[in-house]
Amino acid sequence: MKQLLGNKKAWIGLLILFALAFPMLVGNSGYFMTLFVLACVYVIAAMALNLLVGFGGQISVGNAAFLVIGGYTVAILAGKYNLPIWLLLPLAGVVTGVIGLVIGLPAVRLSGHFLAVATLGFGLSVPQIVLNWDSVTNGYSGLSVARPAFLSSDIQFFYVVVLITLLIVWIMGNIVKSGMGRAFVAIRDSEVAAQANGIHIAFYKTMMFVISAFFTGIAGGLYAYWIGFVSPDDFSIVTSLMLLAMIVVGGMASIPGAIIGAVLFTIIPHFTNAFVGITNIVIGLAVVLVLFFRPKGIVSLFDFAKKPQVEQEPSEPASASGTVKGVARDVNL
C-alpha cells in the first residue's frame, strides 16, 4: 500500500485519465465542467503564488490582481484586434509579467508585513482602475470574450484548459527543481547566507514576481475565455486571501499541495453555497484546523509514503551552508 501511494507516476497517470474522462463521467454537464475549469484556473494561480510565498518566502496579498489583468488583456485584445487564442494567452502572461516586474522592482527592498501591505495595496487598486477606466475596460459593464470558432464547443475548450494546466504544472515542477528554484528557496531560508554565497537577491526576488505574475495572467485569460465575460468584480481582494488559504491548507512550498488546496477550495462552495454564510465559515474552519493539526498542509498526510532520507548533521543546517553553497554552484554565480 505504501509503495502504491508513493508511486508518483501512477498518481499522475490516474489524474490525467480522470481529467480526460471527466466530461463523460458528468454527462457533459456544463456546470460540472465549469467547476473543473475553475479548479484548473485556481490550480495555476495557487501554484504561481506558492512559488512566490512558499518557495520564495515573499508574502503577497494581491495576486488576484494578476488574474484581473490577464482576463482583461484577453478581452481587450480579442475585442479590438481579433487576435488568435494561441497568441492571446501568452500575451496575457507577458503583459501581466511586465506588471509583475514593475511591482517586483520596488518590492525587493521590502519584506514581511511591509511587503504584504504593499501587495495588498496593489490588489485593491487594480479592480478600481479597471472599474473607472471606462474607455478601455467598459467600467461596470465589463467586456465579453468570444472563443475562436474551432473551440466554440465546451468539450473542445475543456480539453484545451486541461492540456494547458498540465503543461504549466510540468513547467512549475521543473522551475522548482532548477537552479533558479533552489535559489528561491535559499533566499527564503536566509537572505544573508544566500547573498554571502553569491546569489543576486534583487534579481531572484524580481524573477519570483515576474514568473508568478506570468502564469497567473494565463490563468486569468483561460477564465475569460471559458466564462465569456470579464468584470471588475470577478477577482477581488477576497480572491487573493482565498489563494493564500489554498496554499496554506494544501501545503506551502509544494506543487501537489497547491493543487490539493485549489481543488478543495473550488469544491467547497458547491456543497455550501445553499446555506448563506456557511462557505466562509467552512473555509475559515479548514484553515484553522490545518494550522493546528497539520501546519505543513494536507499534503503532509502523504509524507509516510515518501522514501526515507538520510538526516543531516545538526552542525550543518541546510539553509546556511550545504543548500546555499549548492545553489550558488547551480546558478553559476
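The values are calculated or read from the model by the stated rules, or taken from the named source; none is laboratory data. This structure is a prediction, so every number in the text was calculated from the model and none was measured. Positions of Cβ are backbone-derived with ideal geometry, glycine not excepted, and every protein chain shown enters the neighbour counts. When the accessible area is computed, the model is the full protein with side chains, heavy atoms only, and any ligands, DNA or RNA have been set aside. Shrake-Rupley method; radii C 1.70, N 1.55, O 1.52, S 1.80 Å.
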| request: Read through the list (1) under 23 Å from Leu241 (Cβ atoms); (2) in contact with a Ser or Thr (Cβ under 9 Å, 6 or more places away or on another chain), then give the number of the only condition that Thr34 fails. | output: (2)
| said: Please verify whether Thr96 is in contact (Cβ under 8 Å) with a residue 24 or more places away in the chain, within 19 Å of Ala202 (Cβ to Cβ) and polar (S, T, N, Q), treating the condition exactly as stated. | reply: no
| field | For Ala213: the one exception among (1) within 16 Å of Val53 (Cβ to Cβ); (2) out of contact with any helix residue (DSSP H, G or I) (no Cβ under 9 Å at 6 or more places or on another chain) | value | (2)
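Residue-by-condition table, conditions (1) basic (Lys, Arg); (2) more than 27 Å from Phe66 (Cα to Cα); (3) modelled with pLDDT of 95 or more:
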position: Asp234; (1), (2), (3): no, no, no
position: Phe275; (1), (2), (3): no, yes, no
position: Arg294; (1), (2), (3): yes, yes, no
position: Asp303; (1), (2), (3): no, yes, no
| On the given criteria, is Gly79 surrounded by 14 or more Cβ atoms within 10 Å (Cβ to Cβ) and not charged (D, E, K, R)? | yes
| remark: Note on Ala39: of the conditions (1) open to solvent by less than 10 Å² (accessible area, probe 1.4 Å); (2) under 30 Å from Asn138 (Cα atoms); (3) within 19 Å of the chain's Cα centre (by Cα), unmet is (1)
| How do the pairs read when you match residues in the stretch 45-57 that are under 20 Å from Tyr223 (Cα atoms) with residues anywhere that are outside any helix (DSSP H, G or I) and open to solvent by less than 10 Å² (accessible area, probe 1.4 Å), using Cβ under 6 Å and keeping only pairs 6 or more apart or on different chains? | Leu49/Asn63
| message | Residues that are in contact with a Ser or Thr (Cβ under 8 Å, 6 or more places away or on another chain) and open to solvent by 40 Å² or more (accessible area, probe 1.4 Å), at least 1 per element: which helices (runs of 4 or more DSSP H) completely within the stretch 201-296 meet that? | response | 201-227, 278-293
| said: I'd like the full set of residues that are free of Cβ contacts under 8 Å to residues at least 12 places away in the same chain and under 21 Å from the mean Cα position of the chain (by Cα), limited to the stretch 264-293. | reply: Pro269, Asn280, Gly284
| remark: Of Ala116, Ala107, the only residue that is more than 23 Å from Leu77 (Cβ to Cβ), among the small types (Gly, Ala, Ser) and within 18 Å of the chain's Cα centre (by Cα) is Ala116
| What number of residues in the stretch 170-188 are farther than 20 Å from Leu105 by Cα and in contact with a helix residue (DSSP H, G or I) (Cβ under 7 Å, 6 or more places away or on another chain)? | 6
| Gly173: in contact with an Asp or Glu (Cβ under 7 Å, 6 or more places away or on another chain) and touching a residue at least 60 places away in the same chain (Cβ under 8 Å), yes or no? | no
| task | Starting from the stretch 220-245, keep only residues that are closer than 16 Å to Ile59 by Cβ, then list their pairs with residues that are open to solvent by 40 Å² or more (accessible area, probe 1.4 Å) whose Cβ atoms are within a distance under 9 Å, requiring at least 6 positions of separation or different chains. | result | Ile237/Leu120; Ile237/Leu124; Ser240/Leu120; Met242/Tyr42; Leu243/Tyr42; Leu244/Ile59
| query | Applying the selection to the stretch 84-109, what residues are under 30 Å from Ser152 (Cα atoms) and open to solvent by less than 30 Å² (accessible area, probe 1.4 Å)? | reply | Ile85, Leu88, Leu89, Ala92, Gly93, Thr96, Gly97
| note | Screening Ile211, Ile199 for residues that are over 17 Å from Ile99 (Cβ atoms) and among the hydrophobic types (A, V, I, L, M, F, W, C) leaves only Ile199
| task | Only residues in the stretch 131-154 that are on the phi < 0 side of the Ramachandran plot and among the polar types (S, T, N, Q) count as the first member; pair them with residues that are part of a helix (DSSP H, G or I) and modelled with pLDDT under 90, Cβ under 6 angstrom, at least 6 apart or cross-chain, and list the lot. | result | none
